[in-house]
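Trainee: If you scroll down you'll find the structure; I have some questions about it.
The values are calculated or read from the model by the stated rules, or taken from the named source; none is laboratory data. Treat the numbers as computed from the prediction; the structure is a model and nothing was measured. Note that we place each Cβ from the backbone using ideal geometry, even for glycine, and neighbour counts take in every protein chain shown.
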Amino acid sequence: MKVILAKSAGFCMGVRRAVETTLEVIRKEDTGVSTFGPLIHNPQVLNLLEERGVRVLREIPEKESGTVIIRAHGVPPVDKEKLRLAGARIEDATCPHVVKVQVIIKKYLKQGYATVIIGDRNHAEVEGLMGFAGSLGRVVSNLEDVNSLQLEGPYIIVSQTTQDETIFEDLSQSILKRFPGGRVFNTICDATHKRQEEVRSLCKDVEAMVVVGGKNSANTKRLAEIAEDMGCPVFLVETEDELDLEEVSKYECVGVTAGASTPTWMISRVLRILEAIPAKGESRLKQYGSRLLWFLLATNIYVSIAGGALTYTSEKLQNNVPGASHFLIAVLYLFAMHNLNRFTDRKLQKFNDPLRTLFYEKYRWPVLVISALSLGLALTLVSENGLKPFLLLTGMSIFGIFYSVRVIPRAAITNIRVRGLKEIPGSKTFLVAVAWAFVTTLVPALSDSRIPDLTTLAVLLFVLVLVFIRSALFDVFEVQGDRIVGRETLPVCIGEHKTIYILHILMVILVLLLLLMPLAGFMSGVSFWLLPGIVYIFGLTQLYRKGMITQGPKLEFCLETVFYLLAGLAWLAKV
Ligand code: SF4
């Protein structure tokens, strides 16, 4: 099925900020974190926060010793003051767009203006705004409210930030007709405006719309209403389980959008299900091709062969004759380690990669047995190449297996955050790159009884940087899910933008290595041929940033394909 994802789908700035603020507070404080009211309107995210110890305060307690986070919708100022008096440390995550409306109301109240808020009376944001407007505040949701509205003196009109543009226009005109002279502030936020406009235009290109988001999220419901008004059949779902597959598969082209509080991983899960529905008239060959690709990715066969391909490129860069046993050792080792690590990580991966988690749950024993056999075979093969490569690969295997183990038990020391290697922020990305560099470059060198020279080191550095970029990009794509479950990857620690910035610098370093090392005599001329591979990775980051490619099997396939591409280019260089 053809699926078009709205570019604006996913967390808006305000929701992202509120969630990140909360996760940052959890990182610093182990206990005593709560939000005043639900942080955002998405039950899945709220459940995850609850699992991480975040309580939801429904009422202001008499005494509160922990940190209370004010949600994105804001609260009346009096509630904030009461929380402070109760002893809470306040962390205000009110969205800056909502703060802007609060400031307008406050400013005009001082000058004696009443405030008419066009919005849902029971919505948390409107309740908060009413707290600023005081007794001069009025809420208008429909024409009946306009007809029964009572106003005296000067007044302003503002909007709930997630209000529908057309409703706001219509109602504010009706109010002005009844009470001329009011000042109108269209305070609908950009994110909402953009999202609604995108749905309107997407509806013209698709046969049906799938809207993903919390059932109690006003902006999600509004997106569904807009699509319905455009005459588009709508599937409003909170999770992928709610999709009516029989009904949705009647369409050939479906649009997907999501409310401002829907996390990316939830959208990806829906996308994966929709994309797996065969398009009408799709050939059997294409269907089998998609299934085969998914199988190769889920079982880590695709990435393992990619590692083997990198061994070939590494040998060509060193002007060596690529050996079949080096290729095989890398494939077997990477197959075993990827499966074992992803298996131990499966619970944390369930948000970013639910299908793979299900796969590991279902085929737990075959995966473990085949991985163990694969590792055993890799060690047997390498043992035939000498003691040094055998010891290196054995050391790497032991290290890889115990990487996930918490060496410091919680019962022994309670007040430290890092209890094992895996919990060192960003460690996994770096160690994966080191493992790949060793198995594709150092193990072959030692196997051939070569003493690693500057050429080996230069190629080792190239592979290390390349695989680091690949692994860190996966971290960038999965940042939202990782953040929620508390995985401390590089983008979680320093942010997506800074990570991508660093990766761009590393890409420049790769280009310089490929250009300069052959001139210094430390790499073969094959290196020049590899430059398009770096351009390819850069292109992928740009496509992702522009929302043209999303997290999921396609992206995984595209990213791992870089190693096949480089090997292909290295092979061409021979011709
Ligand atoms: S929808 Fe707009 S106002 Fe509401 S939290 Fe998001 S950015 Fe802020």
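Trainee: Report yes if residue 18 is assigned to a helix (DSSP H, G or I), within 16 Å of the ligand (Cβ to nearest atom), within 22 Å of residue 132 (Cβ to Cβ) and not β-branched (Val, Ile, Thr), otherwise no.
Mentor: For residue 18, the condition - assigned to a helix (DSSP H, G or I), within 16 Å of the ligand (Cβ to nearest atom), within 22 Å of residue 132 (Cβ to Cβ) and not β-branched (Val, Ile, Thr) - is met.
Trainee: Among 459, 432, which is the only one that is part of a helix (DSSP H, G or I) and either on the phi > 0 side of the Ramachandran plot or in contact with a Leu (Cβ under 8 Å, 6 or more places away or on another chain) (or both)?
Mentor: Being part of a helix (DSSP H, G or I) and either on the phi > 0 side of the Ramachandran plot or in contact with a Leu (Cβ under 8 Å, 6 or more places away or on another chain) (or both) holds for just one of 459, 432, which is 459.
Let's see how each residue does on (1) more than 20 Å from residue 94 (Cα to Cα); (2) out of contact with any Gly (no Cβ under 6 Å at 6 or more places or on another chain); (3) of a type outside the set (D, E, K, R); (4) part of a helix (DSSP H, G or I):
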{"site": "4", "(1), (2), (3), (4)": "yes, no, yes, no"}
{"site": "9", "(1), (2), (3), (4)": "yes, yes, yes, no"}
{"site": "40", "(1), (2), (3), (4)": "no, yes, yes, no"}
{"site": "59", "(1), (2), (3), (4)": "no, yes, no, no"}
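Trainee: What about residue 385, is it surrounded by fewer than 14 Cβ atoms within 10 Å (Cβ to Cβ), in a loop (DSSP other than H, G, I, E, B) and modelled with pLDDT of 90 or more?
Mentor: So residue 385 fails the test.
Residues are listed down the side, and each one gets a yes or a no for (1) within 16 Å of the ligand (Cβ to nearest atom); (2) under 22 Å from residue 487 (Cα atoms); (3) touching a residue at least 60 places away in the same chain (Cβ under 8 Å):
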site: 37; (1), (2), (3): yes, no, yes
site: 42; (1), (2), (3): yes, yes, yes
site: 50; (1), (2), (3): no, yes, no
site: 55; (1), (2), (3): no, yes, no
site: 59; (1), (2), (3): no, no, no
site: 62; (1), (2), (3): no, no, no
site: 71; (1), (2), (3): yes, no, no
site: 81; (1), (2), (3): no, no, no
site: 86; (1), (2), (3): no, no, no
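Trainee: Restricting the first residue to the stretch 176-195 and requiring it to be at positive phi, which pairs with a second residue that is more than 14 Å from the ligand (Cβ to nearest atom) and not in a helix (DSSP H, G or I) meet a Cβ separation below 8 Å and a spacing of at least six or different chains?
Mentor: 181/154
Trainee: Going through the stretch 231-242 one residue at a time, which ones are surrounded by 19 or more Cβ atoms within 10 Å (Cβ to Cβ) and in a loop (DSSP other than H, G, I, E, B)?
Mentor: 232, 238
Trainee: Which residue, of 285, 274, is more than 16 Å from the ligand (Cβ to nearest atom) and surrounded by fewer than 21 Cβ atoms within 10 Å (Cβ to Cβ)?
Mentor: Of 285, 274, the one residue that is more than 16 Å from the ligand (Cβ to nearest atom) and surrounded by fewer than 21 Cβ atoms within 10 Å (Cβ to Cβ) is 285.
Trainee: I'm trying to understand the selection: among the residues of the stretch 92-108, which are assigned to a helix (DSSP H, G or I) and without any contact (Cβ under 8 Å) to a residue 60 or more places away in the chain?
Mentor: 99, 102, 103, 105, 106, 107
Trainee: Where in the stretch 109-218 are there strands (runs of 3 or more DSSP E), lying fully within it, with 2 or more residues that are more than 16 Å from the ligand (Cβ to nearest atom) and surrounded by fewer than 18 Cβ atoms within 10 Å (Cβ to Cβ)?
Mentor: none
Trainee: Here is a follow-up. May I ask you to verify whether residue 147 is over 18 Å from residue 8 (Cβ atoms), of a type outside the set (Phe, Trp, Tyr) and in contact with a helix residue (DSSP H, G or I) (Cβ under 9 Å, 6 or more places away or on another chain)?
Mentor: In short, yes.
Trainee: Which one is farthest from the chain's Cα centre (by Cα), of the residues in the stretch 88-108 that are more than 12 Å from the ligand (Cβ to nearest atom) and within 30 Å of residue 63 (Cα to Cα)?
Mentor: My answer is 106.
Trainee: Would you please list the contacts, defined by Cβ atoms under 9 Å and residues six or more apart or on different chains, that run from a residue in the stretch 235-264 that is without any contact (Cβ under 8 Å) to a residue 24 or more places away in the chain and within 23 Å of residue 218 (Cβ to Cβ) to a residue that is outside any helix (DSSP H, G or I) and more than 16 Å from the ligand (Cβ to nearest atom)?
Mentor: Close Cβ pairs (under 9 Å, with a partner that is outside any helix (DSSP H, G or I) and more than 16 Å from the ligand (Cβ to nearest atom)) amount to 242/235; 242/236.
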